[in-house]
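The values are calculated or read from the model by the stated rules, or taken from the named source; none is laboratory data. What you see is a predicted model; the values in this text were computed from it and never measured. Note: areas computed on protein heavy atoms with side chains; ligands, DNA, RNA excluded. Shrake-Rupley method; radii C 1.70, N 1.55, O 1.52, S 1.80 Å.
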Amino acid sequence: MRVKAAMQSLIRTIGKTKELDPAAEKLSGWVDEATRSPAVKNALSGAWLGHQVHPMLTDLPIGAWGAATVLDLTGADPAAARRLVGLGILASAPTAAAGASDWSTTIGAAKRVGLVHAAANATASVLQITSWLLRRRGHHGAGKALSLLGLGLTLGSSYLGGHLSFVRGTGVNHTAFQPAVRRWTDVGADADLAEGARTRVMVGDVPVLLVRLDSRLHAISAVCTHAGGPLDEGELGADGCITCPWHGSRFRVDDGEVRRGPASVPQPCWEAKVEDGRILLRSA
């Protein structure tokens, strides 16, 4: 209980430390510039995968470094341990890139905690790189000690990452708990929605973006899956995609698919039809 209380107190302190903001904003700007290309952003955000790629990648360096430490502590083959340390180093690069892409769109306390999380991981990687070099030169004792220290720092940083994901809800699909509406629901007059227009309507308790394109009705959830941004306030492009005004995620309005991250989860779609001049919607 004391450990938990101490960690939670530390996280609260980090979240309130506004002195971290200048460094966080500068680094975030560099990340945004590096991920400006939709192809890069989609690759790092996990739009191609259907959920964020960073949490999945973290298993690789942690697993490799953890296995290396087990070999170190049991006196097993030092060459195998060095190879595992090297594998973890290689895996840490794409893991860090994906994490930085996700982090750059956070704000406030989450951004500050994320910055410390990243700094701790970067320090751990430096320790592991130094360990690998020492092992290669035959200094196995020093290499083992640095790997153990680096692994401990990585695990501590993982606690911060878990806090961001499971306590703060960073990266969680913001439409995950929207209820399905199985009955057709009247949301307005068909004559009120002009060609190329968009509007926000409520289907029960769920906000829905309703769009008319090429004389067809399209409806997707109006809450951006990435961070809950209001899609109805975004820009509707000629390509039939809506851009979230908060972080620039783009979705096709006909099927909700992600065209550009940071979103990785498609928007839920809704069925639409017109009866007696009224627009009716229900969950797809």
Please list, in order along the range 69-83, the HN-Hα scalar couplings obtained from phi with the Karplus expression 6.51 cos²θ - 1.76 cosθ + 1.60 (θ = phi - 60°), rounded to whole Hz, x for Gly and Pro.
5, 4, 5, 4, 6, 9, x, 7, 3, x, 5, 5, 5, 5, 5
Under 5 Å between amide H atoms, partner at least 5 residues away or on a different chain: which partners does residue 206 have, H built in plane at 1.01 Å?
none
Cα pair distances of the range 203-261 binned at 10 Å [whole percent]
25, 59, 15, 0
Go through the range 29-45 residue by residue and turn each phi into a ³J(HN,Hα) via Karplus (6.51, -1.76, 1.60, θ = phi - 60°); whole Hz please, and just put x for glycine and proline.
x, 5, 5, 4, 5, 5, 10, 4, 5, x, 5, 5, 4, 5, 5, 7, 7
For the range 1-47, what log10 I(q)/I(0) values come out of the Debye formula at q = 0.13, 0.22, 0.30 1/Å, with one point per alpha carbon and no solvent?
-0.53, -0.77, -0.97
On a 1.4 Å probe surface of the protein chains, which of 273, 41 comes out largest in accessible area, and what is the full order?
273, 41
3J(HN,Hα) from dihedral phi, the range 94-99, Karplus parametrisation 6.51/-1.76/1.60, rounded to Hz, x for glycine, proline
x, 5, 5, 5, 5, x
Consider just the alpha-carbon atoms of the range 103-248 and return their Rg together with their Dmax, both in angstrom.
24.0, 79
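How large is the direction-averaged shadow of the alpha-carbon convex hull of the range 87-156, in nm²?
4.5
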Taking the full set of protein chains and a 1.4 angstrom probe, give the accessible area of residue 153 in square angstrom, rounded to the nearest 10.
60
Taking N as the number of residues in the range 173-284, the ratio of its alpha carbon radius of gyration to 2.2 N^0.38 Å works out to 0.97
Compute the acute angle (0 to 90°) between the alpha-carbon long axis of helix 140-162 and the principal axis of greatest extent of the alpha-carbon atoms of the chain; round to the nearest 10°.
20
The range 1-110 - Kirkwood radius from inverse mean 1/r over Cα pairs (Å)
16.4
Pairing the Cα long axis of helix 108-136 with the longest principal axis of the chain, what angle in degrees results, from 0 to 90 and rounded to the nearest 10?
40
Could you work out the pair-distance distribution P(r) of the chain from its alpha-carbon pairs, with 5 angstrom bin width and percents rounded to whole numbers?
1, 6, 11, 13, 13, 12, 11, 9, 7, 6, 4, 3, 2, 1, 1, 0, 0
How do 135, 112 stack up against each other in accessible area, from largest to smallest, with a 1.4 angstrom probe?
112, 135
